[in-house]
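Chemist: The following block contains the structure, expressed as structure tokens.
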Amino acid sequence: MELEEALANRVVVLDGGMSTALELAGHDLSDALWSGRLLLTDPDAVRDAHLAFYRAGAEVAITASYQVTFEGFAKQGIGFVETARLLHTSVSLARSAASDVDGQRWVAASVGPYGAMLADGSEYRGRYGLSVKELVEFHRPRIETLVEAAPDVLAVETIPDVDEAEAVLEVVRGSGVPVWLSYSIRGDRTCAGQPLEEAFAVAAGVDEVIAVGVNCCPPEDVAHAVSVASATGLPVVVYPNSGEEWDAAERAWTGDGTGFAGLAGEWTGRGARLVGGCCRTGPDAIGVLAGALGG
């Protein structure tokens, strides 16, 4: 069954934060390549993380390609051919992990924003000073490489502004590969400050888009976003952060990382059909979410 067909009939559970799962397993992700580094140095760890999420109840695995860009890896001395191989590897690892569990599973190839390559938090601000044309030129090689790897869907995620969404959609248009478009938001606007109605409207007329929504945001911002996204007539995808807060004095996160799952019923009631977690949501959190959604 295609993912689009499943979304027409029921809610589908996404996985959680790849970086969170890897950190829980003891891996150091402190350099600029983040979880993408492990595609090169320890691919089995990435496969294990996918498998942990699948076993917890996730039906869709998002690949570890979020931080993998030709420009970013070149700065670390990794050439074009090797980076392309790693993008293909990111898809094959998720597919391999799916073979170890029963039931239907899908692989979503992560397409992170330009700001992720900068590794300076720009994906939560947008407004890079680049034109749509320049953003198209940045995104095209990676997206074309991921399309070659034959994922079930492209996860265009953590997009902070409309300009970048327009650029990515220009690249994917005509590819024939399903896409979901997910913005990073704060409150009722994109991180760059645009109204969500404007943000979701750019997906109109792009046949490849099978869902629109938000990710990497506070759980309390999701319900309104779902209502706005539902007005497009497309299924809605949401995968917020855990809702935990950083205690600077204690240098520790507060909360258990599973509380966001209690809000999932409201989100699905408003139209969410792809539901998972982002930062600070590990396999245990997805297990609680899957249980809350009846999976």
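Chemist: Tally Lys/Arg at +1 and Asp/Glu at -1 over every other residue whose Cβ is under 14 Å from the Cβ of residue 175; what's the total? Don't jump to the answer; show the numbers that get you there.
Modeler: On the way: positive: 140, 142, 173; negative: 144, 148, 152, 170, 207, 208.
Neighbour charge sum, excluding residue 175 itself: -3.
Chemist: How much of the accessible area of the chain, in percent, comes from carbon and sulfur atoms when a 1.4 Å probe is used? List each step's numbers first, then the result.
Modeler: Numbers: 5540 of 11560 Å².
Roughly 48 percent, rounded to a whole number.
Chemist: Let me ask another. Using each residue's phi in the range 162-176, evaluate 6.51 cos²θ - 1.76 cosθ + 1.60 at θ = phi - 60° and report the 3J(HN,Hα) Karplus result to the nearest Hz, with x for Gly and Pro.
Modeler: 5, 4, 5, 4, 4, 5, 5, 5, 5, 5, 7, 4, x, 6, x
Chemist: Fully extended, how many nm does the chain gain between residue 133 and residue 231 (0.36 nm per residue separation, minus their Cα-Cα distance)?
Modeler: Values: separation 98, 0.36 × 98 = 35.28 nm, distance 2.87 nm.
Going from the current span to full extension adds 32.4 nm.
Chemist: Identify the residues of the range 152-177 with backbone N under 18 Å of a label point that sits 7 angstrom from the Cα of residue 71 along the Cα-to-Cβ direction, or state none.
Modeler: 157-172
Chemist: Assuming 0.36 nm per residue, please report the length gained on full extension of the stretch residue 284 to residue 125 beyond their Cα-Cα distance. If you can, show how the numbers build up before the last one.
Modeler: On the way: separation 159, 0.36 × 159 = 57.24 nm, distance 2.99 nm.
Length gained, residue 284 through residue 125: 54.2 nm.
Chemist: Here is a further query. May I ask you to order 4-11, 165-172, 190-197 by the average number of other C-beta atoms within 10 Å around their residues, highest value first? Walk me through the numbers on the way to the answer.
Modeler: Working: 4-11: 13.6, 165-172: 22.2, 190-197: 18.9.
Per-residue Cβ counts within 10 Å, averaged per peptide and sorted highest first, yield 165-172, 190-197, 4-11.
Chemist: Just the accessible area per residue of the chain, please: how many Å² with a 1.4 Å probe?
Modeler: Numbers: 11560 Å² over 295 residues.
Ligands and nucleic acids excluded, the figure is 39 Å² per residue.
Chemist: Testing the spin-label approximation: label points 7 Å from Cα along Cα→Cβ at residue 80 and residue 104. State their distance in nm.
Modeler: 3.9 nm
Chemist: Quick one: dipole size for the range 151-295, taken about the Cα centre, charges +1 on Lys/Arg Cβ and -1 on Asp/Glu Cβ, in debye to the nearest 20.
Modeler: Dipole about the Cα centre, nearest 20: 300 debye.
The values are calculated or read from the model by the stated rules, or taken from the named source; none is laboratory data. Worth saying up front: this structure is predicted, and the values here are computed from it rather than measured. Backbone-built Cβ (ideal geometry, glycine too); neighbour counts: all protein chains shown. Each accessible area value is taken on the protein alone, full model and side chains, heavy atoms only, with ligands, DNA and RNA left out. Shrake-Rupley method; radii C 1.70, N 1.55, O 1.52, S 1.80 Å.
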